[in-house]
Amino acid sequence: MAWSIVLSLLFLVLRAAFSQPTLTPTNFIKTNSCSDYYLVEGKDFLLFEYEAAGSNTKYPFHIWFQGPNFFYTTTASKTDIYSPDCYGFRSPDNKCIDRTGQPNACTCIEVQPSKVYRFIFNMTADRIFSNQTLWMTWGFSPHITSKPYGIPEIRAKMELLSFQSSFTDNEDFLVAGEDTTVLQIEVSGNNSVHSFDEKNGPKFYYTTTDGVSHEACTGFDPATGSCRKRTGVRDACSCEMKTSTKYWLSYSKTAAVDTSKATVYLLWPGRPDLRSDDYTFPEIRAIGTFYIKLFIGLGLVSILVTVAGACVLVYMKYGGAKTRNNQDQVSPDVGTQMETEQHGEVVEKYQKAEDETETEKDRQTEID
């Protein structure tokens, strides 16, 4: 008699325990396209799987917001955030919804009707989820909370540090051969898929106006594979090592007409290839130049220039002048310099006029 009572009580306890709803973590999958230690934003994804089992009376599966739902935190807000696209059942027939392959969405799998269901959250890696947590809750008063999953560190594919152009003479365009553009990007990570060296490491590329991509350079020494700093060198790449797995890479490009409004980017070969965003060069113009050296007199210099058959007497104050885009800009230099495409032509005409003047003086001397 006593044993039967004990067995009955034990049966009731076991039945109550079995009927108590449970949320059990069953699987967690993540990709590591770049590093074993962190995920890459937009490249990697995570799958969180829970199994919900229990009675459909006190803790219903199919009632909106009372059934099992996913929650998570973000870097922007440490408060609980409900995932609205992750309710697993379709209304009004309460059938499981299959969203396999859809980013940031949930799939419901029916294991036993009205008793056991499996829920999978497919999350695309985003920096707002970096080092955060994800879990499920079920029901009200009290609600059941699952054991959370920890989300790994998530980094940007490649972090832009700066993209600047010199704009020496005009803020609207660059001057070919004179101005420069420098792109600097931070890259992190090093594993069997992506490495830092001259052959397989990150490389800068640029496009030309004909749409063709050209390999520029890498910041790693071809001979040793070590990080090579070449800050300030034109048409060259520079590398600064910040940690054993973090580098600042920069590329300095001299302005050229064939890259006007074209693009420059960083490509890191691997599985998959990692590519930075494309950054667009400003408009680039070719400005013709020539040089005529003027001898400085006592505060006033004059030069006779023949233009289209007419004589133009140009007076320039003591100092210097620099021509850009048909505009004269006074420079503080003591030397005086004019620039134009017709250097040889103008100098030749100036010399010819000077010779004719000397000849005329000689003739006048003979007459006298």
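When GLU186 is evaluated against the numbered criteria (1) part of a loop (DSSP other than H, G, I, E, B); (2) acidic (Asp, Glu); (3) surrounded by 14 or more Cβ atoms within 10 Å (Cβ to Cβ), which criterion, by number, is the only one it fails?
Among (1) part of a loop (DSSP other than H, G, I, E, B); (2) acidic (Asp, Glu); (3) surrounded by 14 or more Cβ atoms within 10 Å (Cβ to Cβ), the lone unmet condition for GLU186 is (1).
Restricting attention to region 249-275, which residues are at pLDDT 95 or above and either outside the structural domain of THR209 (by TED's automatic domain parsing) or part of a loop (DSSP other than H, G, I, E, B) (or both)?
Within region 249-275, ALA255, ALA256, SER260, LYS261, ALA262 qualify.
Limited to region 205-233, what total is found for residues that are touching a residue at least 24 places away in the same chain (Cβ under 8 Å), under 12 Å from SER252 (Cβ atoms) and in a loop (DSSP other than H, G, I, E, B)?
1
Here is a yes/no grid of residues against (1) part of a strand (DSSP E or B); (2) at pLDDT below 90:
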site	(1), (2)
CYS237	yes, no
GLU240	yes, no
ASP277	no, yes
PHE290	no, yes
GLY297	no, yes
ILE303	yes, yes
VAL312	yes, yes
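Return the residues of region 231-263 that are over 19 Å from the mean Cα position of the chain (by Cα) and among the acidic types (Asp, Glu); say none if nothing qualifies.
ASP235, ASP258
Anything in region 279-288 that is modelled with pLDDT of 70 or more and either in contact with an Asp or Glu (Cβ under 9 Å, 6 or more places away or on another chain) or in a strand (DSSP E or B) (or both)? List them, or say none.
Residues of region 279-288 that are modelled with pLDDT of 70 or more, as a first pass: 279-287.
Once the filter is applied, which keeps residues that are modelled with pLDDT of 70 or more and either in contact with an Asp or Glu (Cβ under 9 Å, 6 or more places away or on another chain) or in a strand (DSSP E or B) (or both), region 279-288 yields TYR279, THR280, PRO282, GLU283, ILE284, ARG285, ILE287.
For region 114-129, indicate whether the set of residues that are over 14 Å from THR24 (Cα atoms) and either free of Cβ contacts under 8 Å to residues at least 24 places away in the same chain or exposed (fewer than 13 other Cβ atoms within 10 Å of the Cβ) (or both) is non-empty.
no
Given the criteria among the hydrophobic types (A, V, I, L, M, F, W, C), closer than 20 Å to THR22 by Cβ, modelled with pLDDT of 85 or more and within 29 Å of the chain's Cα centre (by Cα), does PHE71 qualify?
No; evaluated as a whole, the condition is false for this residue.
The values are calculated or read from the model by the stated rules, or taken from the named source; none is laboratory data. Quick caveat, the model's predicted, so the values are computed rather than measured. When we count neighbours, we look across all protein chains shown, and the Cβ atoms used for this are built from the backbone with ideal geometry, even at glycine.
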